[in-house]
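Asks: For reference, the structure I am asking about is given below.
The values are calculated or read from the model by the stated rules, or taken from the named source; none is laboratory data. Keep in mind that what you see is a predicted model, and the values were worked out from it rather than measured. We place every Cβ from the backbone using ideal geometry, glycine too, and count neighbours over all the protein chains shown.
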Amino acid sequence: MIFTRLARDNKKIVKVLGLVSPLFDTRRENLTPREYWQDGTYFTHPARAKAVLVNLEPGRRLDREAMVSLGRQGAGLLEARTGLVTDWCGGISKDGRRVVLVFKTLAHDNRTWRRRELWVEPEDLRAMAELVPRRGKDRDRWQHRRRGMERGR
């Protein structure tokens, strides 16, 4: 399963970062919330979304390495689909059942390096959901539902 939401409040974002561990990004697996969430690296207007939170919840238990790999694959896929270089980190929830990815909405175009805002489209989320391992039944039901949508049902 995959869940997403926008976050506008700095304190809530830092709180979420404190609830998941270890924090990781492309290169490291020992980030602290303060190392990731630094002033000047996100939009500051109070009405503007500062981060997109994406929860990836596999249908079965995965070990720590597999969860970190899933998070990195999801972030890489989103960057490839949007054409942006994003500032992101991920973490594993305390219960070990989900990977929480935090993407700052302030991103850069990967060709021109100009600042752009990250918008996560439903198609991007569907592509990320395809990365998430499911149980056998859930996968069959998802495939059945998708076939039904293709037929116009």
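Asks: Got at least one residue in the range 18-31 being within 23 Å of Asp124 (Cα to Cα), among the aromatic types (Phe, Trp, Tyr) and either touching a helix residue (DSSP H, G or I) at 6+ places or on another chain (Cβ under 7 Å) or at pLDDT below 95 (or both)?
Replies: Yes, some residue in the range 18-31 is within 23 Å of Asp124 (Cα to Cα), among the aromatic types (Phe, Trp, Tyr) and either touching a helix residue (DSSP H, G or I) at 6+ places or on another chain (Cβ under 7 Å) or at pLDDT below 95 (or both).
Asks: Would you tally the residues in the range 17-28 being farther than 19 Å from Ala107 by Cβ, touching a residue at least 40 places away in the same chain (Cβ under 8 Å) and in a helix (DSSP H, G or I)?
Replies: 1
Asks: State yes or no: is Val54 part of a strand (DSSP E or B) and either crowded, with 16+ Cβ neighbours inside 10 Å or in contact with a helix residue (DSSP H, G or I) (Cβ under 6 Å, 6 or more places away or on another chain) (or both)? It would help to see each step written out before you state the result.
Replies: Details: part of a strand (DSSP E or B): yes; either crowded, with 16+ Cβ neighbours inside 10 Å or in contact with a helix residue (DSSP H, G or I) (Cβ under 6 Å, 6 or more places away or on another chain) (or both): yes.
Against the criterion (part of a strand (DSSP E or B) and either crowded, with 16+ Cβ neighbours inside 10 Å or in contact with a helix residue (DSSP H, G or I) (Cβ under 6 Å, 6 or more places away or on another chain) (or both)), Val54 qualifies.
Asks: Test each condition in (1) in contact with a Leu (Cβ under 9 Å, 6 or more places away or on another chain); (2) in a loop (DSSP other than H, G, I, E, B); (3) basic (Lys, Arg) for Arg5 and report the one that comes out false.
Replies: (2)
Asks: Could you list all residues from the range 71-106 that are within 17 Å of Tyr36 (Cα to Cα), β-branched (Val, Ile, Thr) and either touching a residue at least 40 places away in the same chain (Cβ under 8 Å) or part of a strand (DSSP E or B) (or both)?
Replies: Those that are within 17 Å of Tyr36 (Cα to Cα), β-branched (Val, Ile, Thr) and either touching a residue at least 40 places away in the same chain (Cβ under 8 Å) or part of a strand (DSSP E or B) (or both): Val85, Ile92, Val99, Val100, Val102, Thr105.
Asks: Of the residues Ala80, Ala66, Ala75, which is within 23 Å of Arg126 (Cα to Cα) and touching a strand residue (DSSP E or B) at 6+ places or on another chain (Cβ under 6 Å)?
Replies: Within the list Ala80, Ala66, Ala75, the selection yields Ala75.
Asks: Just name the residue that is modelled with the lowest pLDDT out of those in the range 99-153 that are basic (Lys, Arg) and surrounded by 13 or more Cβ atoms within 10 Å (Cβ to Cβ).
Replies: Arg134
Asks: Could you please give the count of residues in the range 63-96 that are within 12 Å of Met128 (Cβ to Cβ), among the aliphatic types (A, V, I, L, M) and crowded, with 20+ Cβ neighbours inside 10 Å?
Replies: Within the range 63-96, residues that are within 12 Å of Met128 (Cβ to Cβ), among the aliphatic types (A, V, I, L, M) and crowded, with 20+ Cβ neighbours inside 10 Å number 3.
Asks: Can you work out which of the residues in the range 29-42 that are touching an Asp or Glu at 6+ places or on another chain (Cβ under 9 Å) and either part of a loop (DSSP other than H, G, I, E, B) or of a type outside the set (A, V, I, L, M, F, W, C) (or both) is surrounded by the fewest Cβ atoms within 10 Å (Cβ to Cβ)?
Replies: For the range 29-42, the residue satisfying everything is Thr41.
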